[in-house]
Amino acid sequence: MFARFQSHKNVPEKPEETRDNGLTLLTTPNLDLCLRTPASLEDIVPYGRLIMEGKGLLLCLNDLTEPDKVRAQDYLAGVAYTMGATETEVSPEVTMYLPGEVNTIHE
């Protein structure tokens with residue numbers, strides 16, 4: 001399983017700010033990770049939009065029929081490829097899509 005995520009995205013803000021009390025506040029990029037379980041093939045198109053917006057998507061397809069699973073995976077694989085996102089199979093029913101600047105670290 002995945003223990004954490006690492007981003008190579010450039011942060012436009014100053015990366016570190018030290019406070020008076022000795023604590024350091026770090027400004028880091030964040031990742032919106034959406035968890036979805038579509039009930040039908042029609043639900044898939046908005047999930048492609050999430051990938052295009054640079055959001056992460058953890059998708060469970062166990063409620064779809066086998067032909068619809070293949071169609072959904074093909075569509076989202078095409079969107080991910082076009083946007084430079086990564087596609088990782090977590091299990092046979094679960095796939096994770098992440099923006100290209102985010103890496104998964106396997107531990």
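Solvent exposure of the stretch 24-98 amounts to 57 Å² per residue of accessible area, where only protein heavy atoms count and the probe is 1.4 Å. On the stretch 28-106, 51 percent of the accessible area sits on carbon and sulfur atoms, based on a 1.4 Å probe.
The values are calculated or read from the model by the stated rules, or taken from the named source; none is laboratory data. Since we're looking at a predicted model, the values are computed, not measured. Heavy atoms of the whole protein, side chains included, go into the accessibility calculation; ligands, DNA and RNA do not. Shrake-Rupley method; radii C 1.70, N 1.55, O 1.52, S 1.80 Å.
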